[in-house]
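The values are calculated or read from the model by the stated rules, or taken from the named source; none is laboratory data. Quantities reported herein were computed from a predicted structural model and do not represent experimental measurements. Ideal geometry is used to build each Cβ from the backbone, glycine not excepted, and the neighbour counts take in all protein chains shown.
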Amino acid sequence: MRFPLALTVKIARHIVKHKLAKTPKFAMVLQLEPLHTCNLTCTGCGRIREYSTNLKDMVPLEQCLAAAQDCDAPMVSVCGGEPLIYPKIEELVAGLRAQGRIIYICTNGVFMRKKMRDYMAANFSPAMEPQLQKLVAENLVTEKESNQIRNADEAARKKVTISPSKWHYWNVHVDGLEHTHDLIVEREGVFKECVAAIKMAKILGYQCATNTTVYRETDVQEIEDMFKYLSSLDVDGHTISPGYDYDAAKKDMVKRLGRDPKEFFLTRDMTRAKFAKIEQWGKAFTIFGTPVYQEFLAGKRELTCTAWAIPTYNVKGWKAPCYLMTDGHYPTYGEMLGKVNWEKYGVVNGVARDPRCEHCMVHCGYDPSGALSNKPRDTWINMRYNFGAKPKAYPASIELEKRAFNGVTIGKGHLAQAKAAINPAANARGAFSRKEVEDHTHAPAPAATGGACGTGDTSQRDDLLAKIKANGTVTTKAE
Ligand code: SF4
Ligand code: SF4
């Protein structure tokens with residue numbers, strides 16, 4: 001099965017319960033943003049621009065748990081900001097598990113190994129020694145850290161930690177292979193850290209998924225290579241969604257860059273071209289997301305937006321109408337459902353009800369439309385997909401590893417490169433230049449910083465890439 005049986009049954013029960021009760025609108029996945037603070041400043045992130053990133057602006061733990069009960073979604077995606085910065089993240093995961101929910105922690109991966117060391121320290125016993133030695137042998141834990149785990153003090157042993165569970169997934173933000181990903185997150189070494197965290201998670205028995213946003217300039221072949229590589233690491237599943245220049249991002253673009261957002265739209269046609277092979281990918285890799293949504297992405301059908309099924313809760317309340325656009329915040333999920341005129345949003349028969357929705361095909365608006373479809377044929381293909389055999393892990397190879405670790409930026413990201421592009425004489429080497437990676441042992445990067453959501457503002461990246469291209473400063477090994 002692509003998705004574990006117990007989890008499938010839980011979700012199916014939830015849908016059946018609401019269909020029998022004829023509930024017109026109900027939540028499938030809660031996007032819970034306990035804070036918007038992040039240790040990264042990805043060029044594609046509207047979240048850190050739309051909301052305060054001050055650590056004092058957090059949703060208290062009890063309020064997070066109450067929000068989950070309020071909408072009663074069977075799945076909760078804990079995102080942000082970087083959720084591993086949330087001081088009560090362990091208690092939040094424990095509280096959501098106590099409520100019986102399926103939990104995805106959407107993280108940039110940078111603090112994952114620290115959290116897993118905490119788990120080992122709290123639970124260490126001689127039975128864990130072989131795993132610990134393996135982690136040391138693979139450079140995923142240092143000798144010093146391994147001794148700290150073995151000799152944890154009482155406080156470390158009493159700490160609430162995030163332990164492996166079939167109800168919980170790490171959901172690591174990976175937007176491409178090393179060069180692209182580090183460019184997007186604007187920090188060298190983050191891809192390497194993500195890979196180290198995924199390897200450690202798999203050794204310890206965690207479930208680990210990845211989430212990828214496809215941007216206007218994303219190379220489709222690279223996405224396929226990325227899936228092959230992640231599959232070779234035994235990643236349990238992948239979420240993939242087109243990036244979209246949602247409202248806050250567009251405003252930022254006009255205000256800060258003085259550019260017309262229309263020049264940078266990821267249009268529906270462009271999205272469909274990028275996702276033309278999604279159904280093939282769904283056969284070869286464990287893509288999370290219904291086959292109905294995959295057909296939609298591939299341009300084979302239309303769907304109606306069901307943004308109410310993946311509501312977002314954050315420090316301001318229930319965000320309407322969707323994860324991307326903000327027309328208001330409401331104190332309860334029920335009030336949001338009742339007061340928002342949902343007929344104003346989405347695209348119906350190719351006509352956008354709201355011009356801001358025109359090119360949107362994102363996961364949080366349309367994947368639930370696939371899962372909730374009443375057509376018998378859709379139910380059948382969804383079931384067949386989910387109960388079908390899980391695709392085998394892609395064979396690991398040195399060649400694949402080399403393709404994944406395809407060079408790193410010089411670590412200063414897009415903005416530095418833009419300056420270099422604008423003033424090449426002052427910057428002989430651009431941030432997009434790849435330095436050759438001679439050491440392919442991929443010892444994990446030193447503890448870096450994290451982030452996780454990659455939702456769609458392509459404006460800065462597109463703008464900077466255009467400048468860089470115009471100035472001819474991109475150099476790669478292949479060139
Ligand atoms: S189509 Fe739906 S998910 Fe997309 S921007 Fe509009 S309301 Fe939001
Ligand atoms: S990691 Fe996520 S929250 Fe942090 S800056 Fe990047 S996209 Fe935004």
Revision key, fill the gap. Taking region 10-36 and keeping only residues that are more than 16 Å from the chain's Cα centre (by Cα) and in a loop (DSSP other than H, G, I, E, B), one is left with Ala21, Lys22, Thr23, Pro24, Lys25, Phe26, Ala27, Met28
Practice item. Working only within region 302-349, note down all residues that are aromatic (Phe, Trp, Tyr), touching a Lys or Arg at 6+ places or on another chain (Cβ under 9 Å) and within 11 Å of ligand 1 (Cβ to nearest atom). Key: Trp308, Trp342, Tyr345
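Results for (1) part of a helix (DSSP H, G or I); (2) under 30 Å from Arg2 (Cα atoms); (3) of a type outside the set (Ser, Thr, Tyr); (4) at pLDDT 90 or above, shown as yes or no for each residue.
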| position | (1), (2), (3), (4) |
| --- | --- |
| Met270 | yes, yes, yes, no |
| Phe296 | yes, yes, yes, yes |
| Lys319 | no, no, yes, yes |
| Ser373 | no, yes, no, no |
| Arg377 | yes, yes, yes, yes |
Practice item. Run down Val362, Val315 and say which single residue is in contact with a Leu (Cβ under 8 Å, 6 or more places away or on another chain), modelled with pLDDT under 95, within 16 Å of ligand 2 (Cβ to nearest atom) and among the aliphatic types (A, V, I, L, M). Key: Val362
Exercise for review: Within region 272-283, identify whether any single residue is at pLDDT 90 or above, away from ligand 1 (no atom under 16 Å from the Cβ) and either within 19 Å of Val347 (Cα to Cα) or outside the structural domain of Gly334 (by TED's automatic domain parsing) (or both), and answer yes or no.
Suggested key: yes
Revision key, fill the gap. Of the listed residues (Val351, Val362, Val347, Val340), the one being of a type in the set (Val, Ile, Thr), under 17 Å from Val29 (Cα atoms) and assigned by TED's automatic domain parsing to the domain that holds Trp308 is Val362
Study note, to complete from the structure: When region 92-122 is checked residue by residue, the ones that are assigned to a loop (DSSP other than H, G, I, E, B) and among the charged types (D, E, K, R) are Arg101
Exercise for review: Can you run down the residue pairs with Cβ atoms below 6 Å, 6 or more apart or on separate chains, where the first is in region 45-69 and assigned by TED's automatic domain parsing to the domain that holds Tyr313 and within 16 Å of ligand 1 (Cβ to nearest atom) and the partner is assigned to a helix (DSSP H, G or I) and modelled with pLDDT under 95?
Suggested key: Gly46/Ala248; Gly46/Ala249; Glu50/Ala248
**Study point:** Residue that is surrounded by the most Cβ atoms within 10 Å (Cβ to Cβ) [pool: residues in region 188-209 that are more than 17 Å from the chain's Cα centre (by Cα) and among the basic types (Lys, Arg)]
**Key:** Lys199
Exercise for review: Return the only residue of Tyr313, Tyr385 being crowded, with 22+ Cβ neighbours inside 10 Å and either outside any loop (DSSP other than H, G, I, E, B) or under 25 Å from the mean Cα position of the chain (by Cα) (or both).
Suggested key: Tyr313
Practice item. Could you tell me whether region 29-48 includes any residue that is surrounded by fewer than 16 Cβ atoms within 10 Å (Cβ to Cβ) and of a type in the set (S, T, N, Q)? Key: no
**Study point:** Spans of helices (runs of 4 or more DSSP H) in region 142-216 with at least 1 residues not assigned by TED's automatic domain parsing to the domain that holds Thr271
**Key:** none
Exercise for review: Can you give me the number of residues within region 350-371 that are within 16 Å of Glu295 (Cα to Cα) and either assigned to a helix (DSSP H, G or I) or away from ligand 1 (no atom under 14 Å from the Cβ) (or both)?
Suggested key: 9
Practice item. Scan region 53-72 and give yes if some residue there is among the hydroxyl-bearing types (Ser, Thr, Tyr) and surrounded by 24 or more Cβ atoms within 10 Å (Cβ to Cβ), otherwise no. Key: no
